[in-house]
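Q: Dropping a structure here in structure tokens format, bear with me for questions.
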Amino acid sequence: MPDGARQILELAAAVPTNKDARQADVRATFLTHIGDQVVAFFGAATEFLEFIGEATVAFLKLLRGKAQFRRSDLWLIIEACSGQALPIVTLISFLVGMILAFIGAIQLALFGAELYVANLVGIAMVRLMAAIMTGIVMAGRTGGAFAAQLGTMQVNQEIDALKTLGLSPMEFLVLPRMLALALMMPLLSLYANVMGILGGAVATATLPDISLIQYFNQLNGAVRLWDLWIGLFSSALFGVIVAVSGCMRGMQCGRSASAVGDAATSAVVTAIVGIILTTAIITIMTKVLGI
């Protein structure tokens, strides 16, 4: 046979069959799998800390006025993260407010305290629920989109082209997305507060013993200014978490079409887990501080 054909046959014979691969997996011990998972965990943690450090450096350069990115891109991202997200935020927040009111009314009716439905809806929405629901919506809507956009740029070698031109991808791509979500999330959360309270009012209007005037008067006395500030602070943190998760997974994307889908999925999961963990930490801190 020709030398080229013989080399191709030798290369094909050197590739292990599926049976050989399964036997190799069977031979791997349980401790080997545990060790691989531990190594992968610390590797992911190192990459996360490295990404956070690069994002912090890019933000400090922005404060000094030396960050390189297009302002027009920032305004386009702000539009996509704010106005275009209002319909889904309106629907989710309104329905969550109604659900809280109906569930609270069922339980409080056992004690003849249906009026305190306003306390439940107001404090829950203003303090955390509006920020959490908005953050989860933006994680699925915007965080996944960020990961898909940057992942596609990674596949098309556009990020490599930026590096070749001397432009930092952290400043040119990641920084505008972080700024847009950090600025728009508090405003979306504030809007979600209003829609959730209106949803609770609609649900309360169906109760025979509570009027809308009583609902809003009770709400005015229940919600404190501290509750609003906690919700706005939480929403700003959630915006940063969603942006960092989406951009980080997009920058870590492989060079295939399936890798882009995996990056988008991983970005949504990472953002939601980060939001829940941050919520738990904030809740514990406010309980300890008594606010």
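The values are calculated or read from the model by the stated rules, or taken from the named source; none is laboratory data. This structure is a prediction, so every number in the text was calculated from the model and none was measured. Here the Cβ is made from the backbone with ideal geometry for all residues, glycine too, and neighbour counts use every protein chain on show.
Each row is one residue, and each column tells you yes or no for (1) surrounded by fewer than 14 Cβ atoms within 10 Å (Cβ to Cβ); (2) of a type outside the set (A, V, I, L, M, F, W, C).
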{"residue": "167", "(1), (2)": "no, no"}
{"residue": "184", "(1), (2)": "no, no"}
{"residue": "190", "(1), (2)": "no, no"}
{"residue": "193", "(1), (2)": "no, yes"}
{"residue": "196", "(1), (2)": "no, yes"}
{"residue": "208", "(1), (2)": "yes, yes"}
{"residue": "214", "(1), (2)": "no, yes"}
{"residue": "221", "(1), (2)": "yes, yes"}
{"residue": "225", "(1), (2)": "yes, no"}
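Q: Residues that are among the aliphatic types (A, V, I, L, M), in the same structural domain as residue 140 (by TED's automatic domain parsing) and more than 18 Å from the chain's Cα centre (by Cα), at least 3 per element: which helices (runs of 4 or more DSSP H) completely within region 42-127 meet that?
A: 86-108, 117-124
Q: A follow-up question, please. Return the residues of region 251-290 that are farther than 30 Å from residue 124 by Cβ and outside any helix (DSSP H, G or I); say none if nothing qualifies.
A: Listed by number, the residues that qualify are 252, 253, 254, 255, 256.
Q: Across region 233-259, what is the number of residues that are within 30 Å of residue 291 (Cβ to Cβ) and either in the same structural domain as residue 53 (by TED's automatic domain parsing) or of a type in the set (Ser, Thr, Tyr) (or both)?
A: 3
Yes/no per residue for (1) in contact (Cβ under 8 Å) with a residue 40 or more places away in the chain; (2) basic (Lys, Arg); (3) touching a Leu at 6+ places or on another chain (Cβ under 6 Å):
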{"residue": "34", "(1), (2), (3)": "no, no, no"}
{"residue": "42", "(1), (2), (3)": "no, no, no"}
{"residue": "60", "(1), (2), (3)": "no, no, no"}
{"residue": "78", "(1), (2), (3)": "yes, no, no"}
{"residue": "97", "(1), (2), (3)": "yes, no, no"}
{"residue": "113", "(1), (2), (3)": "no, no, no"}
{"residue": "127", "(1), (2), (3)": "yes, yes, no"}
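Q: Going by what's in this entry, would residue 275 be described as surrounded by 22 or more Cβ atoms within 10 Å (Cβ to Cβ) and over 18 Å from the mean Cα position of the chain (by Cα)?
A: no
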